[in-house]
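> So that we are looking at the same thing, I have put the structure below in structure tokens.
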Amino acid sequence: MIFAIFIILIAIQRMFELYIAKQNEKQLKVAGAVEYGESHYRWMVLMHLSFFIVLIIEVVVLERDVAGLWPIWLTLFLIAQSGRIWVIRSLGKHWNTKIIVVPDADVVIKGPYKYFKHPNYIIVATEIIVISLLFNAYYTTIIFSLLNVWMMTVRIPLEEKALKEHTEYSTVFKGK
């Protein structure tokens, strides 16, 4: 029951985030935004959707229970959720699940972007690990951590390229 409630709450959160992303995408495209990574985006979405499907299968079929270390995993999850909200608020209308860049837009250097170039990807990696481990889903942890690393080797360079081509990203993040 706890697992089902947890998954439902995350699903609601993700659907709300997709709604925000779609609204932001419309505004950004009206402002002349350029989209990168259309070819890999569907694979990223499939990976994230598959994460939850495989997690559910592992927990249900292998009868996984809440981890003994659940207070630690839940605390890390809540910290990651706070980070997720911080990222979305810091990027404002520029936050999206897609790589969408408005030419000559100011580069965001507030919030977690003062400290990291790609804080959202750190948060996603953390979530994959802690959500899985919260329910002892070890196979899911390993498989999707590796898939996420692979996806980031595609996505981060493409995002950097888009930002460098259309903004002062190279200057703003020089040396970081």
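Here, each number is a calculation from the coordinates, and none is a lab measurement. Computed from a prediction, not measured in an experiment: that's the story for all the values here. Positions of Cβ are backbone-derived with ideal geometry, glycine not excepted, and every protein chain shown enters the neighbour counts.
> In the stretch 2-171, if the dipole is taken from +1 on Lys/Arg beta carbons and -1 on Asp/Glu beta carbons about the Cα centre, which of Tyr138, Leu69, Tyr169 is farthest to the positive end?
Tyr169
> Quick one: which residues, 5 or more positions from Ile99 or on another chain, have an amide H under 5 Å from its amide H? H modelled 1.01 Å from N in the peptide plane, none for Pro or chain starts.
Tyr36
> Please identify the helices of the chain, taking whole runs of DSSP H, that span at least 30 Å along their own axis as judged from the Cα atoms and have a mean Kyte-Doolittle score of -1.0 or higher.
Numbers: long enough: 2-30 (43 Å, 0.84); 38-61 (34 Å, 1.40); 70-91 (31 Å, 1.02); 138-166 (41 Å, 0.28).
Those that clear 30 Å and a mean of -1.0 are 2-30, 38-61, 70-91, 138-166.
> Which trypsin sites (Lys or Arg not before Pro) does the stretch 1-74 hold that lie in a coil by DSSP with at most 10 other beta carbons within 10 Å? Walk me through the numbers before you get to the answer.
Working: sites: Arg14, Lys22, Lys26, Lys29, Arg42, Arg64; in loops: Arg64.
Sparse-neighbourhood loop trypsin sites (Lys or Arg not before Pro): none present.
> So which lysines pass the test for Lys29, namely a Cα distance under 24 Å, with those fewer than 8 places away in the same chain ruled out?
Excluding near neighbours in sequence, the set is Lys93, Lys98, Lys110, Lys117, Lys161, Lys164.
> Which whole-number percentage describes the relative contact order of the chain, with Cα contacts under 8 Å and a sequence gap of 6 or more?
Details: 159 pairs, mean separation 58.0, N = 176.
Once normalised by length, the contact order is 33 percent.
> How many angstrom separate the Cα center of the stretch 107-176 from the Cα center of the stretch 64-95?
If you average the Cα positions of each part, the centres end up 14 Å apart.
> (i) 11.5; (ii) 13.8; (iii) 10.1: which one is mean projected area of the Cα convex hull in nm² as calculated from this entry?
Evaluating mean projected area of the Cα convex hull in nm² on these atoms matches (iii).
> Please find, in a Gaussian network model of the chain (springs between Cα atoms separated by less than 10 Å), the residue of Leu78, Leu133, Leu62 whose mean-square fluctuation is greatest.
In this elastic network of the chain, the residue with the biggest mean-square fluctuation among Leu78, Leu133, Leu62 is Leu62.
> Could you tally the net charge around Leu49, taking each other residue with its Cβ under 13 Å from the Cβ of Leu49, Lys/Arg +1 and Asp/Glu -1? Could you put the intermediate results ahead of the total?
On the way: positive: Arg14, Arg42; negative: none.
Local charge sum for Leu49: +2.
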